[in-house]
Amino acid sequence: MNEIIKVLSYTREHRRKVYYAIILATLSVFISIAPYYLVHVLIREFMTGSAVSVSVIAMLSGAVLFCLIGKSVLYFSAMKYSHQAAFDTLYGMRNSLADKMARLPMGDITNQGSGSFKQIFVDLIEEMELIIAHIIPEGISNTLVPLTVIVFLFFIDWRMALLTLAMIPIVMLVFFLMMRGRITKMDRYLKATQNMSENIVEFIGGMEVIKIFNQTESSFARYATSVREYKNFILDWSRDAWPYLAAFYVLLPCTIIFLVPCGGLFMMAGSLDIAGYILCILLALSLGTPLLRLTEFGNTFHMIIMKSRIIDNILTREELPLVESNLSPARFDIGYNQVSFAYEDEKVLKEVSFTAAANTVTALVGKSGSGKTTIARLLLRFWDNREGEITIGGINIKELSFSTLMDSISYVSQDVHLFNIPVMDNIRMGKPDATDDEVITVAKIAQCHDFIMEMDQQYQTGIGTVGNKLSGGQKQRLSIARALLKDAPIIVLDEATAFTDPENEDLIQGALNGLLLGKTVLVIAHRLSTITEADNIILMDGGAIAAQGTHDDLLDRSPIYHKMWDAHMESMTWNISVKEEEND
């Protein structure tokens with residue numbers, strides 16, 4: 001019920017339409033029962049013994065027709081209002097979710113993944129339409145009307161009312177037999193679905209590698225096995241549930257199964273007249289459709305509630321605390337003072353302290369998982385550190401407005417995201433008011449210009465969804481051009497040359513070295529050869545600073561760094577040797 005109330009809270013701007021839908025749907029169900037009463041009136045006319053005129057038959061038949069048409073008109077009017085309210089509400093929910101994402105820590109969003117948010121935005125919110133457009137108006141109307149009919153039956157004859165309800169305990173027993181073990185089965189169902197989905201994505205996404213290494217048979221076998229396991233589980237569950245489900249749907253509308261024989265005995269005993277007997281039977285028959293409609297909603301209600309909790313989990317998450325501040329750094333040195341950070345219970349940074357002086361290059365190196373990227377992302381407030389302090393120009397970054405912080409930093413990530421818009425507009429995102437000449441200038445510096453000019457429409461060429469028309473190195477260079485155009489005083493390079501091709505890496509590195517003069521640079525390095533000229537190299541190990549200094553200092557003082565350097569140099573000399581066979 002709490003989930004329904006939460007979903008309803010989004011309809012507050014359209015609540016009047018929801019009320020109209022409930023009223024019209026309720027009237028529709030009431031009118032759908034009226035023909036049963038009119039048939040009773042007609043039968044009673046024939047039972048009086050006097051001749052029934054054609055006009056009476058025509059009038060009652062017209063009334064039945066009017067009720068049937070009125071039921072349809074009222075129902076469609078109710079659905080019109082409920083669907084208008086539903087889709088307006090879904091629009092509002094998606095806007096609320098987008099606004100919420102803008103206020104969430106960026107780390108929470110990247111950790112959850114774009115696929116998960118796509119499912120929430122498109123699929124899960126769409127399913128809330130069933131609650132607003134159908135379950136609320138139809139559920140309320142199909143509950144109120146049967147209750148009213150039952151109360152009316154009690155006024156006619158309390159025994160007949162109880163006989164009408166006598167099937168409910170039997171139906172509930174069948175229902176509980178059908179639902180036994182449902183939690184366990186649902187858990188197995190979700191796991192089977194997830195396993196099948198993962199294997200499908202792996203098979204399709206890795207098709208190139210699968211074919212190259214001739215693994216089609218083994219990979220397809222895993223995919224086929226997961227689909228088969230899903231099919232077998234669904235079939236087994238269905239075989240177990242279908243007999244009970246069939247019995248449930250057969251028995252539920254059989255409200256007259258006890259009413260007809262017992263009512264006949266009451267009539268023979270003289271405690272019930274034939275008119276009351278017929279009226280009770282007709283009213284009991286009218287309950288079948290509303291009860292079946294309620295059951296249809298009940299089958300999907302639990303699943304929708306589970307999905308609504310996923311949406312609510314996003315909307316109730318703790319937001320990144322932001323301040324409205326006029327503070328602006330006068331200088332751009334970066335300070336980390338006893339900074340610790342944990343992802344849930346896993347501590348990934350332990351009392352990290354260092355200073356990245358203004359107009360210098362500070363490099364972060366270390367094994368994967370040592371905390372390098374976390375240090376950089378804390379500066380960008382992907383998350384907020386709970387312990388210690390991060391400053392820019394001596395000001396705690398939490399005291400700066402978010403716009404001031406973002407204006408101060410250009411960030412080039414190893415995970416490049418480009419939009420399905422022209423190349424020119426993708427680069428211009430770094431500075432929306434930049435001229436075409438400014439964009440072309442930074443593109444040349446980032447070694448993008450030549451490959452852009454080879455495209456069909458040059459700078460106006462669309463690059464496809466997430467830049468899928470470009471190579472990894474080309475996308476990386478475009479992201480560098482975007483950051484260069486922004487021209488922020490602090491630059492964070494997170495493995496910025498990870499995907500550049502070898503023939504262009506030296507050119508890009510040279511361009512970066514020239515453009516980074518006069519800026520505070522924090523670089524996360526994978527290739528140690530790219531940061532040998534850095535002013536300060538910080539070696540991370542297990543979330544803590546193991547050593548820091550220049551390249552030469554660390555070679556002399558740090559066995560860990562020396563070992564990393566030797567391994568790097570050895571990898572640069574790797575080659576493939578081919579032994580020529582001697583001719584006989």
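The values are calculated or read from the model by the stated rules, or taken from the named source; none is laboratory data. Predicted, not measured: the structure shown is a model, and the values here were computed from it. Every residue, glycine as well, gets a Cβ built from its backbone with ideal geometry; the counts of neighbours run over all protein chains shown.
On the basis of being over 13 Å from L478 (Cβ atoms) and in the same structural domain as S410 (by TED's automatic domain parsing), does D433 make the cut?
On the way: over 13 Å from L478 (Cβ atoms): yes; in the same structural domain as S410 (by TED's automatic domain parsing): yes.
It is true that D433 is over 13 Å from L478 (Cβ atoms) and in the same structural domain as S410 (by TED's automatic domain parsing).
In the set (1) crowded, with 17+ Cβ neighbours inside 10 Å; (2) under 20 Å from F332 (Cβ atoms); (3) more than 29 Å from the chain's Cα centre (by Cα), the condition left unmet by V442 is number (2). Confirm whether A58 is within 26 Å of P146 (Cα to Cα), modelled with pLDDT of 80 or more and either surrounded by 13 or more Cβ atoms within 10 Å (Cβ to Cβ) or in the same structural domain as I125 (by TED's automatic domain parsing) (or both). No.
Among the residues making up region 62-93, those that are of a type in the set (D, E, K, R) and under 37 Å from the mean Cα position of the chain (by Cα) are K80, D88. In region 182-217, of all residues being exposed (fewer than 11 other Cβ atoms within 10 Å of the Cβ) and not hydrophobic (A, V, I, L, M, F, W, C), the one that is modelled with the highest pLDDT corresponds to T184.
Among the residues of region 349-384, not one is without any contact (Cβ under 8 Å) to a residue 24 or more places away in the chain and within 25 Å of M101 (Cβ to Cβ). Once region 135-181 is narrowed to residues that are in contact with a helix residue (DSSP H, G or I) (Cβ under 8 Å, 6 or more places away or on another chain) and aromatic (F, W, Y), the residue that is modelled with the highest pLDDT is F154. Selection over region 373-406 of residues that are within 15 Å of V521 (Cα to Cα) and over 29 Å from the mean Cα position of the chain (by Cα) gives a count of 3.
Given the structure, is I397 more than 12 Å from L485 (Cα to Cα), buried (at least 21 other Cβ atoms within 10 Å of the Cβ) and out of contact with any Asp or Glu (no Cβ under 8 Å at 6 or more places or on another chain)? Walk me through how you get there before you give the answer.
Details: more than 12 Å from L485 (Cα to Cα): yes; buried (at least 21 other Cβ atoms within 10 Å of the Cβ): yes; out of contact with any Asp or Glu (no Cβ under 8 Å at 6 or more places or on another chain): yes.
When the stated conditions are applied, I397 passes them.
May I ask you to say which residue of T148, T143 is under 33 Å from the mean Cα position of the chain (by Cα), within 30 Å of A275 (Cα to Cα) and surrounded by fewer than 23 Cβ atoms within 10 Å (Cβ to Cβ)?
Numbers: T148 fails: under 33 Å from the mean Cα position of the chain (by Cα).
Being under 33 Å from the mean Cα position of the chain (by Cα), within 30 Å of A275 (Cα to Cα) and surrounded by fewer than 23 Cβ atoms within 10 Å (Cβ to Cβ) holds for just one of T148, T143, which is T143.
Residues that are surrounded by 13 or more Cβ atoms within 10 Å (Cβ to Cβ) and over 29 Å from A161 (Cα atoms) within region 228-282 comprise E229, Y230, F233, I234, W237, D240, A241, listed in sequence order.
Number of residues in region 74-103 that are out of contact with any Asp or Glu (no Cβ under 6 Å at 6 or more places or on another chain), surrounded by fewer than 14 Cβ atoms within 10 Å (Cβ to Cβ) and not small (G, A, S): the value is 4.
Note on region 470-514: among residues that are under 20 Å from I452 (Cα atoms) and β-branched (V, I, T), the one that is modelled with the highest pLDDT is I480. Modelled with pLDDT of 85 or more, in contact with a Pro (Cβ under 9 Å, 6 or more places away or on another chain) and among the basic types (K, R) - does that describe any residue in region 367-383? Within region 367-383, not a single residue is modelled with pLDDT of 85 or more, in contact with a Pro (Cβ under 9 Å, 6 or more places away or on another chain) and among the basic types (K, R).
Across region 299-352, the number of residues qualifying as modelled with pLDDT of 75 or more, of a type in the set (S, T, Y) and surrounded by fewer than 18 Cβ atoms within 10 Å (Cβ to Cβ) comes to 4.
Within region 421-450, residues that are over 20 Å from I409 (Cα atoms) and free of Cβ contacts under 8 Å to residues at least 24 places away in the same chain reach partners that are buried (at least 16 other Cβ atoms within 10 Å of the Cβ) and among the β-branched types (V, I, T) with beta carbons closer than 8 Å, at six or more positions or on different chains, in the pairs H449/I440.
If I filter region 405-423 for residues that are of a type in the set (A, V, I, L, M), at pLDDT below 85, in a loop (DSSP other than H, G, I, E, B) and closer than 29 Å to A330 by Cβ, do I get at least one hit? So far as region 405-423 goes, no, none of its residues is of a type in the set (A, V, I, L, M), at pLDDT below 85, in a loop (DSSP other than H, G, I, E, B) and closer than 29 Å to A330 by Cβ. Pairing residues of region 271-287 that are in the same structural domain as K71 (by TED's automatic domain parsing) and free of Cβ contacts under 8 Å to residues at least 12 places away in the same chain with residues that are surrounded by fewer than 20 Cβ atoms within 10 Å (Cβ to Cβ) and in a helix (DSSP H, G or I), at Cβ distances under 6 Å and at least 6 apart in sequence or on separate chains, gives no pairs at all.
With respect to F451, is the statement that it is among the aromatic types (F, W, Y) and either assigned to a strand (DSSP E or B) or modelled with pLDDT of 80 or more (or both) true? Give the steps one after another, and end with the answer.
Values: among the aromatic types (F, W, Y): yes; either assigned to a strand (DSSP E or B) or modelled with pLDDT of 80 or more (or both): yes.
Yes; evaluated as a whole, the condition is true for this residue.
Going through region 424-437 one residue at a time, which ones are part of a loop (DSSP other than H, G, I, E, B) and either of a type outside the set (K, R) or crowded, with 21+ Cβ neighbours inside 10 Å (or both)? The answer is M429, G430, P432, D433, A434, T435.
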